[in-house]
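Asks: This is the structure, below, for whatever I ask next.
The values are calculated or read from the model by the stated rules, or taken from the named source; none is laboratory data. Just so it is clear, the structure is predicted and the values come from calculations on it, not from any experiment. Glycine gets a Cβ as well: all are built from the backbone with ideal geometry, and neighbour counts include every protein chain shown. To get the accessible areas, we keep the full protein, side chains included, count just its heavy atoms, and leave off ligands, DNA and RNA. Shrake-Rupley method; radii C 1.70, N 1.55, O 1.52, S 1.80 Å.
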2 protein chains.
Amino acid sequence: MKKKLFLSLLFVNSVALFAQNKDEQFFKEIYNSALTKSQCYSWLDHLSNDVGSRLSGSVGAEKAVQYTKSQMEALGFDKVFLQEVMVPHWVRGEKETAYIQDNKTKIKVPICALGGSVATPKNGITAEVIEVHSFEEMKALGTDKIKGKIIFYNRPMNDGAIEAFDAYSGAVDQRYAGAKEAANLGAVGTIVRSMNLRLDDYPHAGGQSYGDIPKEKYIPTAAISTNGAELLSKTLKSNPNLKFYFKQSCQQLEDALSYNVVGEIRGTEHPENIMVVGGHLDSWDLADGSHDDGAGVVQSMEVINIFKNLKYKPKNTLRVVLFMNEENGLRGGKKYEELSLVNKENHIFALESDEGGFTPRGFSLECDDSNFSKITNWKALFEPYLIHSFIKGHTGSDIGPLTGKKIVKAGLKPDSQRYFDYHHAANDKFDAINKRELELGAGTMAALIYMMDQNGIE
Amino acid sequence: MKKKLFLSLLFVNSVALFAQNKDEQFFKEIYNSALTKSQCYSWLDHLSNDVGSRLSGSVGAEKAVQYTKSQMEALGFDKVFLQEVMVPHWVRGEKETAYIQDNKTKIKVPICALGGSVATPKNGITAEVIEVHSFEEMKALGTDKIKGKIIFYNRPMNDGAIEAFDAYSGAVDQRYAGAKEAANLGAVGTIVRSMNLRLDDYPHAGGQSYGDIPKEKYIPTAAISTNGAELLSKTLKSNPNLKFYFKQSCQQLEDALSYNVVGEIRGTEHPENIMVVGGHLDSWDLADGSHDDGAGVVQSMEVINIFKNLKYKPKNTLRVVLFMNEENGLRGGKKYEELSLVNKENHIFALESDEGGFTPRGFSLECDDSNFSKITNWKALFEPYLIHSFIKGHTGSDIGPLTGKKIVKAGLKPDSQRYFDYHHAANDKFDAINKRELELGAGTMAALIYMMDQNGIE
């Protein structure tokens, strides 16, 4: 009896060891393929430098759909298809103008209208400025003081935060809901310090919402560069009665027809179980969006290229989904889930890359404890590739709407320190991408998908 | 008896828990100081943009000694002093010229003389080219084929390596000993593919040595940009008889007087035990050397600034040492050890930062197993700061000569992926530095020094 137990334990151990060695070996091949045979960098070169910016509804977004579809068709999917989705169509119009009017001196400052903002009157707005650092501080001032003024939100991102995304979460309310809150108190416009941890001259775009206030109460809102914000704040201290002028001609047009791009490889054993890997195809309009989220798009495609190079056929159905309209509406993510419900699909796993093309550090996970512990048990396999961080937390906006009885969601976590140097700004361009960092991200995604495919969910 | 044991175990556990909480709290304060109150970024701004390049023996190196000394004097050390050291004084002279002569077409390519190289004759060298990928391949060709030719070393850094430094180690023999090996076989010059993992137009400088061959056999050697190397290789394939022309006017001058800059805080409990933290003050001449090793210099100084902010007085003597001449001679590191032996000093710990100012990932360690296991036991304290990698391996060149009965040596390990984009090239400039990444490195160094100071070595 004891001997039998011993032998069977030995057998179990040998099987486990064999599996581990097999996985170790496959990880090596995955990363080697990513670093020496990838296409993601040249795809991104095209997406950034030839297609360019890709705000929902723009010509760039349309070109990006066609380009990625054509590239995916060459990758050996069982099928590549488009999902129709109506997207918001906001256009910036002419480049914005803004200056500080300090007595007789006009000082130009760099601003950009926030996504979804209304225009100023044709000749712009000139008004006195009230600097605040929170909604509470503003509300305490009351309507009388705020009426007719421009509210200047100037709470910096917390530079003491270790993860840059924590600093972002702690400041982005000013951008997202600042106009709505200030409009309710009678302000005529808002200027928001850019979501940027460093001091520079780039205004950073981004979404904002007027929430449920009536259209006639909408006020124009713009981001100012961090250097501009510092200057405005300093000048206000010496002259609280200075005036600020800004002019923007942005418009919300009719919704436009656009698409999610989907490529599918049918699973060899469980075709009914679907795994998704994706990023979002749209970007803000000020630059190429190489980090946000060109990187996630080409890394997701690269996962398929890696599996193709290694002749790996997933057991479960694997889909690359390039979502449209993450930036200002999330319509693509919502549409994907809507169709998934209609088609009664069973998603077991979804992985998104939307935190930039920097050196990968790990994954955030949304799942129950048993799956979390299962995945963190794979840490040793990832360690040689310097992947060390497995945390519970927000994974990705596009896969957010996805439901499923037991779906595991994951987000690639790259190093975050440089992300907000580029996020939504005119410098989020191809030259800010390091080829190896991008490729290591793709390899890391392929490795997790391989493990999920091999081991399933709990 | 049992009760006593239980109580004393409880006591021991409480003490351990108290120590752990105290350390956790102090780590928070260290990182907060690093990210919100540091001076390192502005020091580096001055060192890079006002002082500039700092090759040993140059005016820049002299200015850097004076500047860092003056800044350290304001930091509250017990003493700041200079250590005299004679350093090699090599100068590049005029900018190099090189072209591929492909029949009647001349194609200019970017090269730079390697450190320590001799000049070409005044009008340059023109010769046929033999491309090789290793010394073995070259030796197998034999003297007859090589005599009178230029050897072109074109083995790329291994892009499959996960750590960029591993790729560097596997290729740098071509740069360091290539001229010597080729001279022995009768070559008239060598051109070496730059130590760079990406394709671009920057030639990368770096040290080289003729070893023990007689002076009259020295041949000129230069690095060519990776794009230049690709072009030369491609052109050679279609025309193996093409000629290569290059001209350089570098010179080795008489050794010059220079200095290590040292700041010392006397230990409150064990002044006889010395801990060193440092980087090297010299850089190559093509750029500011912001990553190599301006970053290490200002991070080492920042450790003191952090301790000053937190009013932390080290138990052991703590020295900041800014070493001269790491790049082409290591004279500063050798001099420091020489003087340490003369003065019968007892070094217990040395930490070097010389792998760039990128996001810190961990430490390499040179120590015995008991100290290694002691240090790796601190991993959990570092985890919230995304410091995860503690490995045995090369720590730092400048602290290399340091001996000691039981010295522990450590090297800061930042993310390595971008390092060779800049290493020794004209783009290693201040704008390649991210303030937060630099500061996180300084915080990480301060945290390890604090732990070593509190816990001593085994």
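Asks: Does the stretch B:377-386 hold any residues that are within 14 Å of another protein chain (Cβ to nearest Cβ) and either touching a residue at least 12 places away in the same chain (Cβ under 8 Å) or of a type in the set (D, E, K, R) (or both), and which are they?
Replies: B:LYS379, B:LEU381, B:PHE382, B:GLU383, B:PRO384, B:TYR385, B:LEU386
Asks: Does A:SER70 fit the bill of being outside any loop (DSSP other than H, G, I, E, B), of a type in the set (S, T, N, Q), crowded, with 22+ Cβ neighbours inside 10 Å and at pLDDT 95 or above?
Replies: The answer is no for A:SER70.
Asks: Taking the stretch B:55-109 as the region of interest, how many residues are out of contact with any helix residue (DSSP H, G or I) (no Cβ under 6 Å at 6 or more places or on another chain) and of a type in the set (A, V, I, L, M)?
Replies: Residues that pass the stated criteria total 11.
Asks: Would you point out which residue out of A:LYS308, A:LYS247 is at pLDDT 95 or above and over 26 Å from A:ALA64 (Cβ atoms)?
Replies: The unique qualifying residue is A:LYS247.
Asks: Counting only residues that are more than 26 Å from the chain's Cα centre (by Cα), give me the helices (runs of 4 or more DSSP H) lying completely in the stretch B:155-256 with at least 2 of them. Reasoning before the result, please.
Replies: Details: elements: B:164-169, B:173-183, B:226-238.
Here the list reads B:173-183, B:226-238.
Asks: Then there's this: Inspect all residues belonging to the stretch B:404-411 and state whether any of them is more than 13 Å from every other protein chain (Cβ to nearest Cβ) and surrounded by fewer than 17 Cβ atoms within 10 Å (Cβ to Cβ).
Replies: First, pick out the residues of the stretch B:404-411 that are more than 13 Å from every other protein chain (Cβ to nearest Cβ): B:404-411.
Those still in the list that are surrounded by fewer than 17 Cβ atoms within 10 Å (Cβ to Cβ) too: B:405-406.
Scanning the stretch B:404-411 turns up at least one residue that is more than 13 Å from every other protein chain (Cβ to nearest Cβ) and surrounded by fewer than 17 Cβ atoms within 10 Å (Cβ to Cβ).
Asks: Moving on. With respect to A:SER389, is the statement that it is within 15 Å of B:ASP415 (Cβ to Cβ), within 14 Å of chain B (Cβ to nearest Cβ) and either surrounded by fewer than 19 Cβ atoms within 10 Å (Cβ to Cβ) or β-branched (Val, Ile, Thr) (or both) true?
Replies: Considered against the rule, which asks whether it is within 15 Å of B:ASP415 (Cβ to Cβ), within 14 Å of chain B (Cβ to nearest Cβ) and either surrounded by fewer than 19 Cβ atoms within 10 Å (Cβ to Cβ) or β-branched (Val, Ile, Thr) (or both), A:SER389 comes out as yes.
Asks: Take the stretch B:133-149 and flag every residue that is loosely packed, with under 13 Cβ neighbours inside 10 Å and not in a loop (DSSP other than H, G, I, E, B).
Replies: Result: B:GLU136, B:ALA140, B:THR143, B:ASP144.
Asks: Filter the stretch B:333-357 down to residues that are open to solvent by less than 10 Å² (accessible area, probe 1.4 Å) and either part of a helix (DSSP H, G or I) or in contact with an Asp or Glu (Cβ under 7 Å, 6 or more places away or on another chain) (or both) and give me whichever is farthest from the other protein chains (Cβ to nearest Cβ).
Replies: B:SER340
Asks: Restricting attention to the stretch B:151-172, which residues are more than 25 Å from A:ILE387 (Cβ to Cβ) and touching a helix residue (DSSP H, G or I) at 6+ places or on another chain (Cβ under 7 Å)?
Replies: Residues satisfying the conditions are B:ILE151, B:PHE152, B:TYR153, B:ASN154, B:ARG155.
Asks: Counting only residues that are over 30 Å from A:ASP23 (Cα atoms) and either part of a loop (DSSP other than H, G, I, E, B) or not assigned by TED's automatic domain parsing to the domain that holds A:GLU269 (or both), how many does the stretch A:280-314 have?
Replies: 9
Asks: Turning to a different aspect of this structure: For the stretch B:33-86: of the residues being among the charged types (D, E, K, R) and within 14 Å of another protein chain (Cβ to nearest Cβ), which is nearest to the chain's Cα centre (by Cα)? Even if it seems obvious, please write down each step before you answer.
Replies: If we filter the stretch B:33-86 for residues that are among the charged types (D, E, K, R), which is where we start, we get B:37, B:45, B:50, B:54, B:62-63, B:69, B:73, B:78-79, B:84.
Checking the rest, the ones that are also within 14 Å of another protein chain (Cβ to nearest Cβ) come to B:37, B:45.
Numbers: B:LYS37: 26, B:ASP45: 19 Å.
Taking the candidates together, the pick is B:ASP45.
Asks: Which residues, taken from the stretch B:114-171, are polar (S, T, N, Q) and over 30 Å from B:GLU355 (Cα atoms)?
Replies: Those that are polar (S, T, N, Q) and over 30 Å from B:GLU355 (Cα atoms): B:THR120, B:ASN123, B:THR126, B:THR143.
Asks: If you don't mind, there's one more thing I want to ask. State yes or no: is B:SER42 among the small types (Gly, Ala, Ser), surrounded by 22 or more Cβ atoms within 10 Å (Cβ to Cβ), at negative phi and part of a helix (DSSP H, G or I)?
Replies: no
Asks: Just checking, which of B:THR105, B:THR97 is open to solvent by 60 Å² or more (accessible area, probe 1.4 Å) and either assigned by TED's automatic domain parsing to the domain that holds B:LEU318 or over 25 Å from the mean Cα position of the chain (by Cα) (or both)?
Replies: Among B:THR105, B:THR97, only B:THR105 is open to solvent by 60 Å² or more (accessible area, probe 1.4 Å) and either assigned by TED's automatic domain parsing to the domain that holds B:LEU318 or over 25 Å from the mean Cα position of the chain (by Cα) (or both).
Asks: Can you tell which of A:SER353, A:SER370, A:SER397 is over 15 Å from A:SER300 (Cα atoms), assigned by TED's automatic domain parsing to the domain that holds A:LYS311 and in contact with a strand residue (DSSP E or B) (Cβ under 9 Å, 6 or more places away or on another chain)? Quick ask: steps written out before the conclusion?
Replies: On the way: A:SER353 fails: over 15 Å from A:SER300 (Cα atoms); A:SER370 fails: in contact with a strand residue (DSSP E or B) (Cβ under 9 Å, 6 or more places away or on another chain).
Result: A:SER397 is the single residue among A:SER353, A:SER370, A:SER397 that is over 15 Å from A:SER300 (Cα atoms), assigned by TED's automatic domain parsing to the domain that holds A:LYS311 and in contact with a strand residue (DSSP E or B) (Cβ under 9 Å, 6 or more places away or on another chain).
Asks: Is there a residue being in the same structural domain as A:ASP45 (by TED's automatic domain parsing) and either over 17 Å from the mean Cα position of the chain (by Cα) or modelled with pLDDT under 95 (or both) anywhere in the stretch A:410-431?
Replies: Keep residues of the stretch A:410-431 that are in the same structural domain as A:ASP45 (by TED's automatic domain parsing), which gives A:410-431.
If we keep only those that are either over 17 Å from the mean Cα position of the chain (by Cα) or modelled with pLDDT under 95 (or both) too, we end up with A:431.
Among the residues of the stretch A:410-431, at least one is in the same structural domain as A:ASP45 (by TED's automatic domain parsing) and either over 17 Å from the mean Cα position of the chain (by Cα) or modelled with pLDDT under 95 (or both), which makes the answer yes.
Asks: Determine whether B:ILE162 is open to solvent by less than 40 Å² (accessible area, probe 1.4 Å), of a type in the set (Val, Ile, Thr) and away from every other protein chain (no Cβ under 14 Å).
Replies: Criteria not met by B:ILE162.
Asks: For the list (1) exposed (fewer than 15 other Cβ atoms within 10 Å of the Cβ); (2) modelled with pLDDT of 95 or more; (3) not in a helix (DSSP H, G or I), I need the number of the one condition that A:ASN49 fails.
Replies: Of (1) exposed (fewer than 15 other Cβ atoms within 10 Å of the Cβ); (2) modelled with pLDDT of 95 or more; (3) not in a helix (DSSP H, G or I), only one is false for A:ASN49: (3).
Asks: Restricting attention to the stretch B:421-447, and to residues there that are crowded, with 24+ Cβ neighbours inside 10 Å and facing another protein chain (nearest Cβ under 10 Å), which single residue is farthest from B:THR226 (Cα to Cα)?
Replies: Top of the filtered list is B:GLY443.
Asks: Moving on to the next point. Select, from B:SER290, B:SER283, B:SER238, the only residue that is under 21 Å from B:GLU355 (Cβ atoms), out of contact with any Phe, Trp or Tyr (no Cβ under 9 Å at 6 or more places or on another chain) and of a type in the set (Ser, Thr, Tyr).
Replies: None of the other options fit; the residue is B:SER283.
Asks: Could you count how many residues in the stretch B:358-376 are touching a Lys or Arg at 6+ places or on another chain (Cβ under 9 Å) and within 14 Å of chain A (Cβ to nearest Cβ)?
Replies: Number of matching residues: 7.
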